[in-house]
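Take a look at the structure below.
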Amino acid sequence: MFDKSEPVLDWLKRQRRTNEVQLGLMAHRFDLDGAMASGQVELAWRTREVILIAGIELHLRMCGLDPSFGTEHATRAQVMLRLLGTLDQSLADQAWGLLVRVMPLDRAGLERELDEIDSFLTHRLSVRSAQSRGEAVRVWADGVKLLRDVGRSLGLAGTDRWYLRSSSGLENQLTWYDEAIDFASQQS
């Protein structure tokens with residue numbers, strides 16, 4: 001939620017980056033499900049790593065940290081693990097252990113590994129969006145809605161239907177937020 005003691009611009013920047021990470025995590029949940037459904041185990045294995053690092057970043061942001069990193073995935077992982085270690089070295093050690101595991105050769109083993117990542121993010125780091133694809137959509141949509149609401153209260157944003165022309169007849173449809181929440185509810 002918006003903390004009135006924090007400067008608005010700082011909050012907006014932090015919340016925007018948090019939403020970008022949430023969007024990435026949501027997209028990777030879809031990638032992971034698609035990779036598993038199509039038997040692309042290597043893609044699923046790589047995607048689990050990206051989800052883990054995104055989840056760690058979200059946890060760090062919930063703890064009030066604003067991690068900076070380069071564009072390379074390896075650099076991002078290194079920064080996230082180092083910062084996690086400053087908060088709780090045992091969590092960083094556990095995350096490192098999950099990152100360096102060898103990919104299982106069978107589907108059941110891969111599914112167990114994916115469950116471990118989800119459990120670590122959900123139970124150890126309290127990252128709600130790691131629970132499921134539907135929850136990832138819901139958390140992202142809630143974050144964007146909050147940003148829009150704050151922006152609107154500051155006079156920086158229009159209505160939820162700003163992108164719909166009133167002459168198109170589409171203004172009576174569900175808002176983007178309602179559509180995202182409806183989708184998330186169906187996926188849960």
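If only one of Thr75, Thr71 is within 26 Å of Gln15 (Cα to Cα), of a type outside the set (A, V, I, L, M) and assigned to a helix (DSSP H, G or I), which one is it?
Details: Thr71 fails: assigned to a helix (DSSP H, G or I).
When all the criteria are applied, what remains is Thr75.
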| said: Let me confirm something: among Val41, Val8, which residue is surrounded by fewer than 17 Cβ atoms within 10 Å (Cβ to Cβ) and more than 22 Å from Thr122 (Cβ to Cβ)? | reply: Val8
| task | Run down Arg29, Arg17 and say which single residue is farther than 17 Å from Met80 by Cα, assigned to a helix (DSSP H, G or I) and of a type in the set (D, E, K, R). | result | Arg29
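Residue-wise test of (1) part of a helix (DSSP H, G or I); (2) modelled with pLDDT of 90 or more; (3) out of contact with any helix residue (DSSP H, G or I) (no Cβ under 7 Å at 6 or more places or on another chain).
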position	(1), (2), (3)
Ser5	no, no, yes
Ala44	yes, yes, no
Gly55	yes, yes, no
Pro67	no, no, no
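For segment 85-103, give me the residue count where each residue is within 14 Å of Arg48 (Cβ to Cβ), touching a Leu at 6+ places or on another chain (Cβ under 9 Å) and among the small types (Gly, Ala, Ser). Let's see the steps before the verdict.
Keep residues of segment 85-103 that are within 14 Å of Arg48 (Cβ to Cβ), which gives 95, 97-103.
Remaining after also requiring touching a Leu at 6+ places or on another chain (Cβ under 9 Å): 95, 98-99, 103.
Next cut, among the small types (Gly, Ala, Ser) only: 95.
The total comes to 1.
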| task | Sort out which residues of segment 63-80 are in contact (Cβ under 8 Å) with a residue 12 or more places away in the chain, surrounded by fewer than 17 Cβ atoms within 10 Å (Cβ to Cβ) and among the charged types (D, E, K, R), and write them in order of number. | result | Asp66
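Yes/no per residue for (1) in a helix (DSSP H, G or I); (2) crowded, with 16+ Cβ neighbours inside 10 Å; (3) at pLDDT below 70:
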site: Leu114; (1), (2), (3): yes, yes, no
site: Ile117; (1), (2), (3): yes, yes, no
site: Leu121; (1), (2), (3): yes, yes, no
site: Ser126; (1), (2), (3): no, no, no
site: Trp140; (1), (2), (3): yes, yes, no
site: Leu146; (1), (2), (3): yes, no, no
site: Arg152; (1), (2), (3): yes, no, no
site: Trp162; (1), (2), (3): no, no, yes
site: Ser185; (1), (2), (3): yes, no, yes
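Test of understanding: among Leu25, Leu60, which residue is within 21 Å of Glu116 (Cβ to Cβ) and surrounded by 23 or more Cβ atoms within 10 Å (Cβ to Cβ)? Please lay out each step first, then the result.
Working: Leu60 fails: surrounded by 23 or more Cβ atoms within 10 Å (Cβ to Cβ).
Leu25 is the lone residue from the list that is within 21 Å of Glu116 (Cβ to Cβ) and surrounded by 23 or more Cβ atoms within 10 Å (Cβ to Cβ).
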| Output for segment 104-149, where each listed residue is more than 17 Å from the chain's Cα centre (by Cα), charged (D, E, K, R) and more than 19 Å from Ile53 (Cα to Cα) | Asp106, Arg107, Arg148, Asp149
| note | Apart from one, (1) within 26 Å of Thr47 (Cβ to Cβ); (2) modelled with pLDDT under 85; (3) surrounded by fewer than 17 Cβ atoms within 10 Å (Cβ to Cβ) all hold for Arg133; the odd one out is (3)
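The values are calculated or read from the model by the stated rules, or taken from the named source; none is laboratory data. Since the model is a prediction, treat every value here as computed from it, not as a measurement. Don't worry about glycine lacking a Cβ; one is built from the backbone with ideal geometry, like all the others, and counts go over all protein chains shown.
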